[in-house]
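To keep things clear, I will list the structure first and then write my remarks on it.
Here, each number is a calculation from the coordinates, and none is a lab measurement. Everything quoted here is computed from the prediction, not taken from an experiment. Neighbour counts run over all protein chains shown; Cβ positions are idealised from the backbone, glycine included.
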Amino acid sequence: MLANERSFKILLKKNFLYIFLIIVFSFESLAIADEKKNIIEKLKNTKSLKFNFKQNTNEKIETGVCYLVFPKKLKCDYKDNKQKELIINNNRLAITQKRYNKTFYYSVKKSPFIKILDKNQLINLIEGSILNYKNNQIHLTSINHDKKKITILFKKKNFDLIGWKINDQFENKISFLIKILSENQEINLKIFEIPN
């Protein structure tokens, strides 16, 4: 009888541990789903952003200000001696060095970066990503079919977009951190015209 009681208590403890772990993992899964849902809701209500940025490309730091209008419109003015300006309009990218009066054109159609500028693709990326927390930030990481990794960063407190980390089509490692200055302000779409 004593052996049966002891076995029963051990079995009860094991079952309690299993049930406890299942509950903990269920709550964690629900929390992750809620975090993604809150981020997606915030994005759905975002039409435009103006933000300061700090870009790190292979250890080279650049800063400036950008204007983003969904979908696929981005203009960034860099604070550098070349007076660099980057414009993305749909799948075309132009980088102008105003100081030298030179413009370079690229297609970004296959770039993982374009997924960040298209709200529907960004939402799909978020839904299929792995969520981690680091320093009060939400890191959503996705790896596409070409083995390209994209990590999108959000504030944990208010779900604001705060940046992304990608490898571009030239295998550059790019970290692009942002500080939002305004949201849903009217932005003149003429600023996104690709220069001739």
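A few notes on this one:
- Between K82 and L189, the simple spin-label model (points 7 angstrom out along Cα→Cβ) gives 3.0 nm.
- Sparsely packed loop sites in the stretch 90-133 (the trypsin sites (Lys or Arg not before Pro) outside DSSP H, G, I, E and B with at most 12 other Cβ atoms within 10 Å) comprise R99, K109, K110.
- In this rough spin-label picture, where each label sits 7 Å from Cα along the Cβ direction, the K37-I61 distance is 4.0 nm.
- The charge dipole of the stretch 122-196, taken about its Cα centre with unit charges on the Cβ atoms of Lys, Arg (+1), Asp and Glu (-1) only, comes to about 420 debye.
- Scattering from the stretch 102-146 was approximated by placing one identical point on each alpha carbon and applying the Debye formula without solvent; log10 I(q)/I(0) at 0.25, 0.31, 0.33 1/Å stands at -0.95, -1.16, -1.20.
- The Cα atoms of the stretch 130-169 give a gyration tensor whose axes a ≥ b ≥ c have a/c of 1.5 or more with a/b greater than b/c, which makes the shape prolate.
- Expressed as a whole percent, the proportion of Cα-Cα pairs in the stretch 113-196 lying more than 16 Å apart is 59%.
- Rg over Rh, two decimals, the stretch 40-149 (C-alpha only, Kirkwood Rh): 0.98
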